[in-house]
1. Could you give me the percent of Cα pairs per 10 Å distance bin for region 26-141, shortest bin first, beginning at zero and ending with the bin that holds the maximum distance?
2. Please report the projected area of region 150-255's Cα convex hull averaged over all directions, in nm².
3. Among 69-76, 146-153, how do they line up from the highest to the lowest mean number of other beta-carbon atoms within 10 Å?
4. If you average 1/r over all unlike Cα pairs in the chain and invert the result, what Kirkwood radius do you get in angstrom?
5. At 222 nm, what value in deg cm²/dmol follows for the chain if DSSP H runs of at least 4 each add -39500 (n - 2.57) and the sum is divided by all its residues, to the nearest 500?
6. Of L115, P61, V136, whose Cα points farthest to the positive end of the dipole of region 39-198 (charges on the beta-carbon: +1 Lys, Arg; -1 Asp, Glu; origin at the Cα centre)?
7. Pairs on different chains or at least eight residues apart, Cα atoms closer than 22 Å: how many lysine pairs in region 149-226 fit?
8. Would you please classify the overall shape of region 166-224 from the alpha carbon gyration tensor, given that a ≥ b ≥ c denote the square roots of the eigenvalues, rounded means a/c under 1.5, and beyond that prolate means a/b larger than b/c while oblate covers the rest?
Amino acid sequence: MLLIFAVPWFGLLIFLLMGSPKLSPHRRKLQQETNEAIKAFVAEVKQDSLHRALIAPELAPRYEPLVQLNTNLGGLPAMTGNAVEVITDYAAMLARIAADIDAAQHFVHIAFYILIADAETEACFQAMERAVARGVSVRVLYDPVGSRKYPTYRATLKRLRAAGIAHQPMLPSIRGKDFNRPDLRNHRKIVVVDGEIGYTGSLNLIARAYHRKDDIYYDELVARVCGPATNALDAVFRTDWFSETGENLSARSGP
């Protein structure tokens, strides 16, 4: 507002670029379509007695408000029957992800704010390449703003193309007639393997020091999940993939 009053034309330009906290109408329409599909799916699942037991776990009263909030915001209920392993060692996280990708039989879905091929992530990229070579569908989402500043960014994209790995940037500022604020970024960190194993946490797919020139490096926390909750992680990935590509993976025959 100060800029608009002090320097009207410049302030108006900044407002048009960054004044609205919302994504473009086109993106919001795609998100609404996905939300409705998820709601319909959850309603259908609730009719089945076996699945109804999974999505209605016994909860201590202190957790009920939190679970209800998450359900209202995300559209997906809490589910029981999950095994969660918390991993704190950076190298171990990358090694476990690579090993699970190597065991994939149907599909691998990967989304990271920063996604860079380097010495520390090499095992994961090799595992993706091997997966594609044996006929597994590998799809990758990355944030171009988060990844672009690192030295091997272009080489990483070239490598994905060469391997035949389907990949898309998340929330490009301009795509056709679609415009989104450049500062609205997608910070997701998700890996899903065959809908059976999922990873989420603070890890980015990049070297632990993030290519810094000082002595700083990062400690991260990742949860490896097995069980029904993995489908929730995959629903998030499929929603983003639909928003970026227009391809509805849930409507496909097969993974």
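1. Over region 26-141, the share of Cα pairs per 10 Å bin runs 11, 27, 29, 30, 4 percent.
2. Details: hull surface 35.3 nm².
Averaged projected area of region 150-255's Cα convex hull equals 8.8 nm².
3. Those peptides, ordered most packed to least, come out 146-153, 69-76.
4. Numbers: mean 1/r = 0.0499 Å⁻¹.
Hydrodynamic radius (Kirkwood, Cα pairs) of the chain is 20.0 Å.
5. Value at 222 nm, helices only, nearest 500: -13500 deg cm²/dmol.
6. Most positive-ward Cα: L115.
7. Here the count comes out as 4.
8. Taking the square roots of the gyration eigenvalues as a ≥ b ≥ c, region 166-224 is oblate.
Read-outs throughout are calculated quantities, based only on the coordinates presented, and are distinct from any laboratory measurement. None of these values were measured; they are calculated from a predicted model. No Cβ is skipped: glycine too gets one built from the backbone with ideal geometry, and neighbour counts run over all protein chains shown.
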